[in-house]
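Student: Mind having a look at this structure? Questions to follow.
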Amino acid sequence: MTVSQVSFGSHEPVLDVKNLTVKYIGDTRSTTAVDRVSFSIGTGEVFGLAGESGCGKSTIANSIMRLLKDPAKIAAGSISFGGKDVLAMSPEELRRFRWQDVAMVFQSAMNSLNPVLTIGEQIVDIFTTHAGYSRKESLRRAGQLLELVRIDPARLKSYPHQLSGGMRQRAVIAMAVALKPSLLILDEPTTALDVVVQQEIMAQIKELQRELGFSVLFITHDMSLMVELSHRMAVMYGGRIVETAKAQDVYANPRHPYTQALMGAFPPLTGPRVPLTGLPDGVKFRNIPDLTEAAPGHFVAPFGADAEAAVLEGAAR
Amino acid sequence: MRFILRRLGFYLIAFWASITLNFLLPRFMPGDPVSRMFARTQGKMQPEQIEALRKMLGVDTRPLWEQYVDYMHNILTGQMGVSISRFPTPVTEVIASQIGWTLLLGGTALVFAAIIGNLLGILAAWRRGGAIDSALPPLLIFIGSFPYFWLAMGALYLFGVVLGWFPIRHAFTDGLEPAFTWEFIGDVGAHLLLPALTIVLVSIGGWMLGMRNTMIATNSEDYITMAQAKGLRPGRIMLRYAARNAMLPSVTSFGMSLGFVVGGAMLTEVVFAYPGVGYQLLNAVQGLDYPLMQGLFLTITAAVLLANFLVDILYVRLDPRVRSN
Amino acid sequence: MTTAILKQPIEPTAARKPNRSFVHGLITNKKALVGMIVMLVFIALALLAPVLFPGEPSRITAMASLEPSPEHWLGTTAKGQDVLALTVHGSRSSLFVGLTVGFASTFIGILVGLASAYFGKFIDEALSLVTNVFLLLPGLPLLVILAAFLPPGLGTVILVLVVTGWAGSARVLRSQALSIRSKDFVAAAVVSGERAGRIMFREILPNMASNVMSTLLACVIYGIGAQAGLEFLGLGDVSTVSWGNNLFWAGNEGALLTGSWWVFVPSGVCIALVAFALALINYAVDEVTNPRLRKIKTPKNTERSAAK
């Protein structure tokens, strides 16, 4: 369908997450938001992470950049980026690692832009801090970046509130690719936007990805978008990955009941109309076991009768 | 621009309200303070002066609206009558000779308290649970719990009377001729230090806590996370991203607290016999000098409103969202 | 991310009604506890004053300007009054005025705030304008001219303090009421035809209990401090015994210059202690209702912190 559908992920992973566990430490009890999650992303690969809100997707994204705020803590596991241990970085190493190696587009562009600084100043910030360019040179490059995402460079002098929602998100994307990072994390980049703008933004990201060749960690709950953009994907539920495989395989042949429900909850972009289905009321999964290979390259957490440990709680509850 | 005009309109209404309050008070209050006042000044005043004051303070047989128009006209043309306690000096002259000292004392204290308090608040919020964050707030709340004037009394007693480090009264040494010489300026500074310090001490806690709490709220904003993700240096994130935004409510409360600080400065002036409007207000109260009281109230109100207006202009400079709206 | 927490099975203790956990949080908060104990001590002193120091506290009982001694724990004034008796009796007037002013100002603030938020439009505009004008007029000069024209007495002091004090609480409560007014359950109540009074006082008000509480505390602090300031200027009823009047007389009789520190220290410390205690409780209310302000616990285990 598009270039991004062709897998050209290499065997050398850019990002390797192993057994990542994140806990929210409360006054009286702790909650596990991400539970023993492992995945890796190859060079130039687009890896999708799907699941309902609150399943731990964003927590993973923030863990990779070590942006977790109290009371969230990484309790176990490792994150390595290009062979470097991200969790062992000193504050200064971490500061350089951020944005140069991994950049991130946040959910809401309105909230992720500083309301009292111009777009230009917020881009110049990046260049002067990381690349050491002069202000003038930084401004010139900032203008080029805006052109790259088809925004008039005159907008450098605009404040965030003066731009439309789509423009703001494009500006944030421009900022994200400013230093040509090897991994771009997209944390639900289009949820706050209307459908038409959504399509524009996604096209923009695809185009940039083709040009610059970075890897992408794409987080969304929109399955159709995800299948369209990703090479491989993982489905999360309650802090655990329940299924991971090539995006096409998940799409064509979802195996875990939760994945099937998630697929059924979104209308396909093309094809005949089908009634939407979701997870029945009150259905919850507990104690999700580790993944097993159900088909070549297709890993699924055992469920139902397959494993005694998996409990599928019915609507009877 | 529309924001500025709206604020200006609001200040005009506020000023009109205070003039009207001034007009109504002597006319509708029970008792007859005015005749008490005149009883005291018998024989000193010229008949026409008495007549003018009577009119101003409502001993007047004309219809109310006519008195009101007349009163408004007088106030707006700067005719506020003569002072009783400093007879026969006009009220405007008495105020003009005092207000500079109050501006000096209140202004110095306010600026220092706001700057130091806000900086401490920024640092406390940035290092949650650090030394500044855990030790200072309770201490400053405790100091801030003392009445301004009581802390001034304590400071005066300790540093002025017992230790003798600072002069204990007035704005400059008696007999010194006001002039732009180092000697005089130094003398004024020495007299200013203790009263200003007490005001700063009492008011600094409010600034710090206000800034700290807004900073903490700001720190959880997405744009702070984004700035961290951008790998900016911590100092830059703290100042250009967090503090720069947290400052906005602080600027607004700067205007709001002006009136409060003026009150505190006035009481402090009383303790140090500092020749500003607060000290004068006490004299006016004790001397039943109603014209002077009213004039002082209007002048202080006008000054506070004007300062608020300047703060609004500053706010527009600081917040682009208000500017374009 | 945070919704992940909500997805977890909720323990029965966490399912308490918000109001009970608010009170519980307040009682277990160390700051609130200290504040409440100090307040209780002062209230007990005020109530027991006639028993502890019978008779008129301002009568002259000893030599003038005596230093603290076993007979006069806090010494005597320049007139020869017992400072301890004056201070203990002073708490009656100061606490009474402070509490009265606090409750009255908060009550007006609630009425104005709720009416502004509920009716909106013109009523809100008008009430906000009046509130903001009162907020902006410098408090002390306003107090002074009001007090100067009214007949002196306790009633005047209270009236004047309420007139100058209500606006602050009205502003805070209005903005809180506004945000609750825009919630769906209020809209539902409006649609279901509930009466205005019921919606304001039964639907909106209970949801801003903690704001009312902290406004009340702030108003009491204001009342006590402003009364002292007014009386210090000689604008109170100088014949009553209160902390402010004690300080007025201390200043008037030159206690500072003669070195009689024991005359002006006790009343000032009392004002400060009461204000501090109330501020502590207020601070605790903030902490309990706004978890972000709570002290961060730094676990001493080996878990790697992922925060910056």
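Student: Out of the residues in region B:271-300 that are touching a Pro at 6+ places or on another chain (Cβ under 6 Å) and at the interface with another protein chain (Cβ under 8 Å from one of its Cβ atoms), state the one that is nearest to B:Val91 (Cα to Cα).
Tutor: The residue in question is B:Phe297.
Student: For region C:51-60, name all the residues that are surrounded by fewer than 16 Cβ atoms within 10 Å (Cβ to Cβ) and either charged (D, E, K, R) or touching a residue at least 24 places away in the same chain (Cβ under 8 Å) (or both).
Tutor: C:Leu52, C:Glu56, C:Arg59 - these are the residues of region C:51-60 that are surrounded by fewer than 16 Cβ atoms within 10 Å (Cβ to Cβ) and either charged (D, E, K, R) or touching a residue at least 24 places away in the same chain (Cβ under 8 Å) (or both).
Student: Please return the ranges of helices (runs of 4 or more DSSP H) entirely within region B:206-325 where 3 or more residues are more than 24 Å from the chain's Cα centre (by Cα), surrounded by fewer than 19 Cβ atoms within 10 Å (Cβ to Cβ) and modelled with pLDDT under 90.
Tutor: B:320-324
Student: Could you list all residues from region B:152-164 that are more than 8 Å from chain C (Cβ to nearest Cβ) and either at negative phi or hydroxyl-bearing (Ser, Thr, Tyr) (or both)?
Tutor: B:Ala152, B:Ala155, B:Leu158, B:Phe159, B:Gly160, B:Leu163
Student: Of all residues in region C:249-262 being part of a helix (DSSP H, G or I) and more than 10 Å from every other protein chain (Cβ to nearest Cβ), which is nearest to C:Arg92 (Cα to Cα)?
Tutor: C:Trp249
Student: Further question: Evaluate region A:208-221: report whether one residue or more is part of a strand (DSSP E or B) and under 30 Å from A:Glu137 (Cα atoms).
Tutor: yes
Student: Just name the residue that is nearest to A:Val216 (Cα to Cα) out of those in region A:27-75 that are assigned to a strand (DSSP E or B) and within 9 Å of chain C (Cβ to nearest Cβ).
Tutor: A:Val34
Student: Among the numbered criteria (1) under 15 Å from the mean Cα position of the chain (by Cα); (2) surrounded by fewer than 18 Cβ atoms within 10 Å (Cβ to Cβ); (3) at pLDDT 90 or above, which single criterion is violated by A:Ser53?
Tutor: A:Ser53 satisfies every listed condition except (3).
Student: Checking the conditions here, which among C:Val241, C:Val212, C:Val220 is at pLDDT 85 or above, touching a His at 6+ places or on another chain (Cβ under 6 Å) and either within 30 Å of C:Leu280 (Cβ to Cβ) or within 10 Å of chain B (Cβ to nearest Cβ) (or both)?
Tutor: C:Val241
Student: Given the criteria touching a Leu at 6+ places or on another chain (Cβ under 7 Å), modelled with pLDDT of 85 or more and surrounded by fewer than 23 Cβ atoms within 10 Å (Cβ to Cβ), does B:Leu136 qualify?
Tutor: yes
Student: Just one of the numbered conditions (1) among the small types (Gly, Ala, Ser); (2) modelled with pLDDT under 85; (3) assigned to a helix (DSSP H, G or I) is not true of B:Gly164; which one?
Tutor: (3)
Student: Six or more apart or on different chains, Cβ atoms under 9 Å: show the pairs whose first residue is in region B:96-122 and over 16 Å from B:Ala152 (Cβ atoms) and whose second is among the charged types (D, E, K, R) and assigned to a helix (DSSP H, G or I).
Tutor: B:Leu120/B:Arg212; B:Gly121/B:Arg212; B:Ile122/B:Arg212
Student: Which residue is modelled with the lowest pLDDT, if the candidates are limited to region A:163-182 and must be polar (S, T, N, Q) and closer than 25 Å to A:Asp101 by Cβ?
Tutor: From region A:163-182, those polar (S, T, N, Q) are A:164, A:169, A:182; that's our starting set.
When the remaining residues are screened for being closer than 25 Å to A:Asp101 by Cβ, the result is A:169, A:182.
Working: A:Gln169: 88, A:Ser182: 92.
Filtering first and then ranking leaves A:Gln169.
Student: Hey, another quick one. So how many residues does region C:65-104 have that are in a loop (DSSP other than H, G, I, E, B) and closer than 26 Å to C:Leu230 by Cα?
Tutor: 8
Student: Quick one: which of C:Ile5, C:Ile60, C:Ile43, C:Ile37 is modelled with pLDDT under 80 and in a helix (DSSP H, G or I)?
Tutor: Only one candidate qualifies: C:Ile5.
Student: Could I ask something else about it? Name the residues in region A:15-33 that are closer than 20 Å to A:Leu186 by Cα and modelled with pLDDT under 90, would you?
Tutor: Correct list: A:Ala33 only.
Student: Follow-up. Considering only region C:105-206, give the helices (runs of 4 or more DSSP H) lying wholly within it that have at least 3 residues that are in contact (Cβ under 8 Å) with a residue 40 or more places away in the chain and within 22 Å of the chain's Cα centre (by Cα).
Tutor: Once the helices (runs of 4 or more DSSP H) in region C:105-206 are filtered for at least 3 residues that are in contact (Cβ under 8 Å) with a residue 40 or more places away in the chain and within 22 Å of the chain's Cα centre (by Cα), what remains is C:139-149, C:154-181.
Student: With the requirement that a residue be modelled with pLDDT under 85, surrounded by 21 or more Cβ atoms within 10 Å (Cβ to Cβ) and not aliphatic (A, V, I, L, M), what does region C:74-97 give you?
Tutor: C:Gly75, C:Thr76, C:Thr77, C:Gln81, C:Asp82
Student: Applying the selection to region A:103-136, what residues are more than 7 Å from every other protein chain (Cβ to nearest Cβ) and in contact with a strand residue (DSSP E or B) (Cβ under 6 Å, 6 or more places away or on another chain)?
Tutor: Result: A:Ala103, A:Val105, A:Gln107.
Student: Pairs, please: C-beta under 7 Å, at least 6 apart or cross-chain, first residue within 16 Å of A:Thr220 (Cα to Cα) and in region A:250-278, second at pLDDT 65 or above and of a type in the set (Phe, Trp, Tyr)?
Tutor: From region A:250-278, the pairs are A:Tyr258/A:Tyr237; A:Tyr258/A:Phe285.
Student: Out of the residues in region A:76-102 that are surrounded by 19 or more Cβ atoms within 10 Å (Cβ to Cβ) and closer than 20 Å to A:Val37 by Cβ, which is farthest from the other protein chains (Cβ to nearest Cβ)?
Tutor: Filtering first and then ranking leaves A:Phe81.
Student: Taking the condition surrounded by fewer than 19 Cβ atoms within 10 Å (Cβ to Cβ), of a type in the set (A, V, I, L, M, F, W, C) and within 14 Å of chain B (Cβ to nearest Cβ), does C:Val163 pass?
Tutor: It is true that C:Val163 is surrounded by fewer than 19 Cβ atoms within 10 Å (Cβ to Cβ), of a type in the set (A, V, I, L, M, F, W, C) and within 14 Å of chain B (Cβ to nearest Cβ).
Student: Also: Would you check which residues across region A:23-69 are charged (D, E, K, R) and touching a residue at least 24 places away in the same chain (Cβ under 8 Å) and list them?
Tutor: Those that are charged (D, E, K, R) and touching a residue at least 24 places away in the same chain (Cβ under 8 Å): A:Lys23, A:Asp35, A:Arg36, A:Glu45, A:Glu52, A:Lys57, A:Arg66.
Student: Among (1) at pLDDT below 90; (2) crowded, with 23+ Cβ neighbours inside 10 Å; (3) touching a Ser or Thr at 6+ places or on another chain (Cβ under 6 Å), which single condition is A:Val46 missing?
Tutor: With (1) at pLDDT below 90; (2) crowded, with 23+ Cβ neighbours inside 10 Å; (3) touching a Ser or Thr at 6+ places or on another chain (Cβ under 6 Å) applied to A:Val46, the lone miss is (1).
Student: In region B:1-117, which helices (runs of 4 or more DSSP H) lie fully inside it and hold 1 or more residues that are surrounded by 17 or more Cβ atoms within 10 Å (Cβ to Cβ) and at pLDDT 85 or above?
Tutor: B:2-28, B:64-76
Student: Only residues that are part of a helix (DSSP H, G or I) and closer than 25 Å to B:Met247 by Cα: list them for region A:78-117, please. Spell out the reasoning first.
Tutor: Start the filter on region A:78-117 by keeping residues that are part of a helix (DSSP H, G or I), which leaves A:86-88, A:91-100, A:109-112.
If the condition is that a residue be part of a helix (DSSP H, G or I) and closer than 25 Å to B:Met247 by Cα, then A:Ala109, A:Met110, A:Asn111, A:Ser112 are the ones that fit.
Student: Out of B:Pro275, B:Pro249, B:Pro195, B:Pro291, which single residue is in contact with a strand residue (DSSP E or B) (Cβ under 7 Å, 6 or more places away or on another chain) and of a type outside the set (D, E, K, R)? Lay out the reasoning, then the answer.
Tutor: On the way: B:Pro275 fails: in contact with a strand residue (DSSP E or B) (Cβ under 7 Å, 6 or more places away or on another chain); B:Pro249 fails: in contact with a strand residue (DSSP E or B) (Cβ under 7 Å, 6 or more places away or on another chain); B:Pro195 fails: in contact with a strand residue (DSSP E or B) (Cβ under 7 Å, 6 or more places away or on another chain).
After ruling out the rest, the residue left standing is B:Pro291.
Student: Search region A:142-182 for residues being more than 28 Å from B:Arg323 (Cα to Cα) and away from chain B (no Cβ under 13 Å), and hand back the single one that is nearest to the chain's Cα centre (by Cα). Walk me through how you get there before you give the answer.
Tutor: Taking region A:142-182 first, the residues more than 28 Å from B:Arg323 (Cα to Cα) are A:148, A:176-182.
This time we only want the ones that are away from chain B (no Cβ under 13 Å), so: A:148, A:180, A:182.
Numbers: A:Leu148: 22, A:Lys180: 17, A:Ser182: 14 Å.
Step by step, filter region A:142-182, then rank; the result is A:Ser182.
Student: Further, regarding this structure: Can you report the number of residues in region A:118-139 which are part of a helix (DSSP H, G or I), of a type in the set (S, T, N, Q) and touching a residue at least 40 places away in the same chain (Cβ under 8 Å)?
Tutor: 1
The values are calculated or read from the model by the stated rules, or taken from the named source; none is laboratory data. Predicted, not measured: the structure shown is a model, and the values here were computed from it. Don't worry about glycine lacking a Cβ; one is built from the backbone with ideal geometry, like all the others, and counts go over all protein chains shown.
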